1. Which residues' amide hydrogens lie under 5 Å from the amide hydrogen of residue 122, considering only partners 5 or more residues apart or on another chain, with H built in the peptide plane?
2. Could you derive backbone 3J(HN,Hα) for region 24-33 from the dihedral phi with the Karplus parameters 6.51, -1.76 and 1.60 (θ = phi - 60°), listing whole Hz in sequence and x where the residue is Gly or Pro?
3. Which of the DSSP-defined H helices in the chain satisfy a minimum axial length of 27 Å, computed from C-alpha atoms, and a minimum mean Kyte-Doolittle hydropathy of -0.5?
4. Under a Cβ-only charge scheme (Lys and Arg +1, Asp and Glu -1), can you give me the dipole magnitude of the chain about the Cα centre, in debye to the nearest 20?
5. So what J values fall out for region 138-147 if you push phi through Karplus, 6.51 cos²θ - 1.76 cosθ + 1.60 with θ = phi - 60°, rounded to Hz, Gly and Pro as x?
6. Provide the per-residue ³J(HN,Hα) series for region 6-22, in order, calculated from phi with Karplus coefficients 6.51, -1.76, 1.60 and θ = phi - 60°, each as a whole number of Hz, with x at glycine and proline positions.
7. Carbon and sulfur together cover what percent of the accessible area of the chain at a 1.4 Å probe radius?
8. Taking a 1.4 Å probe, which of 292, 88 shows the most accessible area, and what order do the others take after it?
Amino acid sequence: MPLMQGFPPAPEDRATLANWRTQPFNAWAFHHVREVVPSAEIRNDPANVRVLEQGDTDLSAANLDQAIDGMANDALVILHKGKVVHESYRNGMTRHDPHILMSVSKSMLGLVMGTLVERGEVAVDDLLTKYLPELSGTAYAGATIRHALDMQVGLEFEEDYTATSGVIVDYRKAANWNPLAPGDEAGDLRSFQEGLTGTTGPHGETFYYASPVTDMLAWLMERATGLRFADLISQRLLAPMGAETSGYITVDRIGGARGAGGMCLTARDLALVGQLMIEGGARDGVQIIPQSWIDDIVTQGDNAAWRRGDFLDKFENQDMHYRAKWYVHPGATPLIHGLGIHGQFLFVDPVRELSIAWFSSEGTPTDQGWMDHVMTSVERIRDAIAI
C-alpha cells in the first residue's frame, strides 16, 4: 500500500516525527509537514493574488527531462519574464501543496529583514543583545545583526546532518523536529539558544554556517516588531507579493518559529519571490522589499569571509559571497540563490528575468554530486535563454 493510505496507515507505511526526513517517507512528508510537526500559518491575501500567465519560452535546449529524472524531484516551476514556462510535479504533489523549503527559509527571512531596516525597527550594526538581552552570556555576545545575516557569528555549532547525537540532535529536539528520547526534557528553541556559549573565533571575519543563528534572528524580529514571525512574513512578503496559496512554518513547543528551515510554500509562490526580486522588490509600483536591500545582497558581500569559510569547496565559483542569507555568484549576469538540504532551491537570474523554484525529497541531506547536477541543470536553463 502507498505511504499514509488507509486509517490508520500500516506502521511500515506511516510518516512520523522519527522518520519524516528520510526516504521513502519524505516524498510524502515534505509536502505534508504540518501533519507531522506543529506549525503556524503564513497567510496569503486571497483578494490580492497575482495571476501568473503562461509563457512560450523555448527551454528544449535545457533538457529538463534529464535534469528531473532520477533526482527525487517533487516540483519544478520556472518563470521567465514573469510568466510560467515550465511547471511539473511528482510524488503526489500539486501546485496548491506547500513544500518545505529547508534552508531556503533563511533566504525568505533575509528579504523580510530588509523591511525592518527600512522602517527603522532595527539597524544592521545593532548588537543582537540590544533586542535579546537574554543572550548576553552566550556566544552571541558582541555580534551584530549584520554578522548574523551573513553567517559571520563565531558560534561553536557543528552542522552535521548525519549526526545521531550531540548538539545538532538537541537542536532538532528543541525545534520539535525530532522525538524526545526517554528521560529527555522537553525544551524549545529559545532556551536552546541561551545554552550556546562555545565560540570559534571573532565575529565578522569568517563565513561559518550555523542554522541556530537564523532561528535567533526570527526571535529578534519578533521582539523588534511585536509580531509573530509567521505574521511578519505574511504581512511583509507573502500577502503583498500576491501569493496564490497560504504557507506555513513549523514551530516549537512554545510557538517559536523555525526560521532556519521550517517554512513551507508552494513552488509557484517560491518562484514568485524570485520574480519579486527581479522586479526590484516592487509590485505594480508598490515597494515590498527595499530595492536598496536587494542591490546590497547582490553587490556588497564579503568574498574574503567566504574564502575563509567552511563552504568554499561546495561551489566552483571562488568569487562568491553570502549576504543576508543568499548565496551570490557575482558578475555581469549574477546568479542569486537560496539553498536547502534534501534538494530545495530558489535560483534568481535578474538579467535574464529568470526565477527557478526546485523542490526535491533527496534521501541524503547534502550530496555534492547531486548539487553539482542541479547547478549544471540551472546553467543549461540559463544558457537556453538569450540575454
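The values are calculated or read from the model by the stated rules, or taken from the named source; none is laboratory data. Because the structure is predicted, anything quoted here is derived from the model rather than measured. Note that each Cβ is placed from the backbone with ideal geometry, even for glycine, and that neighbours are counted across all protein chains shown. These area figures cover heavy atoms from the full protein model, side chains too; ligands, DNA and RNA do not enter into them. Shrake-Rupley method; radii C 1.70, N 1.55, O 1.52, S 1.80 Å.
1. 117
2. x, 5, 5, 4, 9, 5, 5, 10, 9, 4
3. Numbers: long enough: none.
Answer set is empty.
4. Values: 31 positive and 51 negative charges, 126 e Å.
Here the size comes out at about 600 debye.
5. Whole-Hz 3J(HN,Hα) from phi for region 138-147: 10, 5, 6, 4, x, 8, 9, 4, 4, 4.
6. Going residue by residue, I get x, 9, x, x, 4, x, 6, 10, 9, 7, 10, 4, 7, 10, 5, 9, 10 Hz, with x marking Gly and Pro.
7. Details: 7030 of 14880 Å².
The value for the chain is 47 percent carbon and sulfur by accessible area.
8. Details: 292 80, 88 30 Å².
Ranking 292, 88 by accessible area, largest first, yields 292, 88.
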